[in-house]
Each structure stands twice: as structure tokens, then as C-alpha cells.
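Peer 1: Pasting in a structure now, in C-alpha cells, and then I'll have a few things to ask.
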Amino acid sequence: MKVSIVIPTYNERENIEKLLPEIFGIFDRGGIDGSVIVVDDNSPDGTADAVEGLKREFPITLIRRQEKGGIGSAYITGFGKALEQGADVIMEMDADFSHSPEEIPNFVREIESSDVVIGSRYIKDGEIENWNFIRRIISKGGDLVARILLGLDVEDVTTGYRAYRRETLEGIELGSIESNGYAFQAEMLVRARERGFSIKEMPITFRDRVHGKSKLSRMEIIRFIVLCINLRLRGL
């Protein structure tokens, strides 16, 4: 089973220099045939240059984009490259250590019996570290809105730590995805469900980033709610 992890970056040099070697160490220890695709949106801090240096040591594909295009389009670009490279399982994760690389073998194990596996903060044994009360309310509120409007039987709709089988991404038809930011994660689940793919939640511990700033803005939250309403109105 060939595994490819897609990681979008913008000003993540300090994190990515530590994260990539750790991922490949986990691949080696777990006997996983794995590679990484980094999609960088022209980070001014030199993130892409740091990744370029690590390419000499690890099987990394670097996609340099000329400007910030949104996390959704970054994932779609990376997913397309992973499919082109023949990956059987395509994962997505953040570059800031919010998602522990130690969970990668668990995703690889669980995806053997599911079409989509999502790392959930809100099921039994799932946890969030270092979030204040307001941040928790915003996140839980967004998930509640999505579950009600979209009818998703998933506790953590917006999680960005996931694994997809190759056949799932091919069946979803990535070119049909309309959202590009925070809402991208919800739309991917809607598309997967409507095409009959199974979705499984796996507990993870989410740790707030130590270095850099969160990319989530108020506008992204508004776009997320608007997308959920639009998808409901269109009957998806």
C-alpha cells in the first residue's frame, strides 16, 4: 500500500523543517511505503526553500504556487499529484504539529476497512489541548451547524487530519468541489457520502500550534456557514 501525505504550507518553515523528518521516521519504523507532497503558496519566510533542501534526503514532492490560493485548492492540487503518482491512500494534515505524526500508522490501519477515515476531536478518547473556551465554542458550533444542515452523521466535520482511499477521491471527482477554505472539509464529506463511500471517525488529540498563527479568519467561518446553507438548498 502506497501512502502519500499532502501538506499545504504558508509561512511554516520552522515547523516543516521538524515535521518532515519526523514523518519519514514514522514511515520507516512502521514499514510504510510513504511519501509527502508539500503545496506551498509562495511563503515569504522561505518554507519552500527549506522543503527543497529536505528533498535530497526524503521522497518529497514540492509544488510551488505563485500566490495564496486557499487550503481547499491546495489540497485538490496535492490530491491530484498523489493520484498521478499512484498513491493507494492519500492523507491530509497540517504543517504546524496540531496533528501528531504518531497517528499516521493508525490511519493506515483503519483505512483498510473504510473509504474515508477522519481524525476526530469530538468522539470518545478524542481531545483538544491548549484551546480557550471561545475557540472551542466556535469549533463545536461550526460542526453542529454542518451536521444539522447537511445531515452528516459525523461528530468532527471540520477536522483536517484525514485519509482517503484512492477510489474515494476518484469517485468524488475533485474538479466538482466548489469550496476553497474552511468549508472544504465539510464539502468533501458531503460528496463522499452522496457517492456511497463509508466514513469512519478515529479519535485523535489535537494540539494548538506552538509556532506561527492560525489561518482561520472570521470570513472563513462565514463562508463555511454559507456553503452549508447552499449545499442544503441544492439538496446535496
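Peer 1: Within the stretch 154-180, count every residue that is modelled with pLDDT under 90, part of a helix (DSSP H, G or I) and of a type in the set (D, E, K, R).
Peer 2: Here the count works out to 0.
Peer 1: Under 30 Å from K2 (Cβ atoms) and either in contact with a Ser or Thr (Cβ under 7 Å, 6 or more places away or on another chain) or among the β-branched types (V, I, T) (or both): which single residue out of I128, I199 fits that description?
Peer 2: I199
Peer 1: Quick one: is D143 farther than 30 Å from E84 by Cα, surrounded by 19 or more Cβ atoms within 10 Å (Cβ to Cβ) and at pLDDT 70 or above?
Peer 2: So D143 passes the test.
Peer 1: When you go through (1) at pLDDT 80 or above; (2) closer than 24 Å to T77 by Cα; (3) crowded, with 21+ Cβ neighbours inside 10 Å; (4) touching a Phe, Trp or Tyr at 6+ places or on another chain (Cβ under 7 Å) one by one for I204, which number turns out not to apply?
Peer 2: Every condition holds for I204 apart from (2).
Peer 1: Residue check, R193 against (1) modelled with pLDDT under 80; (2) crowded, with 16+ Cβ neighbours inside 10 Å; (3) not hydroxyl-bearing (S, T, Y), all met but one. Which one?
Peer 2: Here R193 clears every test but (1).
Peer 1: Tally time: how many residues in the stretch 96-133 are of a type in the set (S, T, Y) and surrounded by 18 or more Cβ atoms within 10 Å (Cβ to Cβ)?
Peer 2: Number satisfying all stated conditions: 4.
Peer 1: Pull out all pairs, ordered by first then second residue, where Cβ-Cβ is under 7 Å, the residues are six or more apart or on different chains, the first lies in the stretch 169-194 and is within 14 Å of F79 (Cβ to Cβ), and the second is assigned to a helix (DSSP H, G or I) and among the polar types (S, T, N, Q).
Peer 2: N180/S73; A192/T168
Peer 1: Considering only residues that are among the polar types (S, T, N, Q) and outside any strand (DSSP E or B), look in the stretch 112-131 and name the one that is nearest to S100 (Cα to Cα).
Peer 2: If we take residues in the stretch 112-131 being among the polar types (S, T, N, Q) and outside any strand (DSSP E or B), then N130 is nearest to S100 (Cα to Cα).
Peer 1: Would you be able to tell me the number of residues in the stretch 169-183 that are under 15 Å from T158 (Cβ atoms), of a type outside the set (S, T, N, Q) and surrounded by fewer than 23 Cβ atoms within 10 Å (Cβ to Cβ)?
Peer 2: Here the count works out to 1.
Peer 1: Taking the stretch 125-163, which residues are farther than 13 Å from V190 by Cα, touching a residue at least 60 places away in the same chain (Cβ under 8 Å) and among the hydroxyl-bearing types (S, T, Y)?
Peer 2: Y161
Peer 1: Being under 16 Å from A95 (Cα atoms), hydroxyl-bearing (S, T, Y) and within 16 Å of the chain's Cα centre (by Cα), is that true of even one residue in the stretch 8-18?
Peer 2: Taking every residue of the stretch 8-18 in turn, at least one turns out to be under 16 Å from A95 (Cα atoms), hydroxyl-bearing (S, T, Y) and within 16 Å of the chain's Cα centre (by Cα).
Peer 1: Same structure, new question: Let me spell it out: the conditions are (1) surrounded by fewer than 20 Cβ atoms within 10 Å (Cβ to Cβ); (2) among the aliphatic types (A, V, I, L, M); (3) over 16 Å from R13 (Cβ atoms), and L54 meets all of them except one. Which number is the exception?
Peer 2: Every listed condition holds for L54 apart from (3).
The values are calculated or read from the model by the stated rules, or taken from the named source; none is laboratory data. Here the structure is a predicted model, which is why all the values come from computation and not from measurement. All Cβ positions, glycine included, derive from the backbone under ideal geometry; neighbour counts span all protein chains shown.
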